[in-house]
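Data block below; observations after.
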Amino acid sequence: MSAIFTAEHLTKTFGSGKHEVPAVQDASFELEEGHVTTIVGESGSGKSTVARMVLGLLPITAGKLTFQGKDVTNLSGGARTAYWRDVQAVFQDPFSSFNQFFTVRRLLERSMRLLDGRVGKERLEEALGHVGMDLSVLAKYPHQLSGGQRQRIMIARALMMRPKLMVADEATSMLDASLRVNVLNVLTDLRDELGMTVLFITHDIGQACYVAERVLVMEHGVMVEQGTTDEVIFNPQHEYTRRLLSDVPKLHTSPESV
């Protein structure tokens with residue numbers, strides 16, 4: 001499987017001079033097409049900064065980003081808009097993402113306006129179907145939806161553009177356990193049914209290992225370990241990874257003993 005996205009020596013610092021703070025230091029990784037890759041780390045590890053740079057929402061200090069073989073390190077204008085059609089985001093807080101006085105239909109209208117009317121309606125029904133919802137939800141207001149339903153609406157909004165890459169930044173962190181599993185299953189279904197590439201950002205290594213084929217581990221802005229999910233779970237190389245896994249004892253069992 002080929003890489004749809006690569007980051008080479010990705011670096012981000014905030015401030016300048018004596019006040020310069022490194023947020024991400026010399027991170028290199030690939031996202032394989034049609035796979036789910038997770039970046040996992042505690043708060044302040046730099047994982048969400050990486051996500052925002054991948055999305056083109058935050059300028060990088062150094063390094064290079066490549067998407068489908070094209071340099072996307074410093075996009076602007078129409079090139080950045082075209083990139084955002086192919087690379088969509090689902091963020092952490094489904095509650096603050098909605099205007100409480102808008103129906104779901106109105107909330108999705110922006111995506112529909114980027115398509116012609118006929119295609120927009122087709123994509124809307126298609127996107128809702130992929131997240132297990134139907135057109136009846138369009139008349140509802142945010143307060144009438146559960147947290148999991150709101151997050152699925154956010155995923156549907158992103159899906160309307162039929163993106164090649166979806167970046168989900170802590171997309172389950174504000175949901176309870178059962179709703180988290182539902183959203184994680186939606187993401188894996190998108191991979192399996194649509195061949196979509198997903199970059200999933202989380203502080204929970206249990207979720208990371210549940211959803212992803214490949215896990216990247218970050219600590220204090222440094223990508224300290226990366227490998228397949230089995231490699232990271234059953235043969236962690238870095239002490240920080242072992243510490244994260246110690247909080248999820250059921251995961252840290254050799255495949256032979258299962």
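Points to keep in mind about this one:
- Longest exposed-site-free window of the chain, the sites being chymotrypsin sites (Phe, Trp or Tyr not before Pro) in a DSSP loop that have at most 15 other C-beta atoms within 10 Å: 103-258
- Order of S76, S48, S146 - criterion: other Cβ atoms within 10 Å of each residue's Cβ, fewest first: S76, S146, S48
- Taking the helices alone, the chain has a mean residue ellipticity at 222 nm of -11000 deg cm²/dmol, built from -39,500 (n - 2.57) per DSSP H run of at least 4 residues and averaged over all its residues.
- The Kirkwood hydrodynamic radius of the stretch 55-208, based on inverse pair distances between different Cα atoms, is 16.3 Å.
- For the residue pairs K47/K140; K70/K164; K121/K164, alpha carbon separations beyond 23 Å are given by K47/K140.
- Full extension of the segment from V21 to Q144, taken as 0.36 nm per residue of separation minus the current Cα-Cα distance, would add 40.0 nm.
- Given the alternatives (i) 20.5; (ii) 19.1; (iii) 17.9, Kirkwood radius over Cα pairs in Å as computed for this entry is given by (ii).
FYI, it's all coordinate maths here, none of it is from the lab. All values derive from a computational prediction rather than experimental measurement. Backbone-built Cβ (ideal geometry, glycine too); neighbour counts: all protein chains shown.
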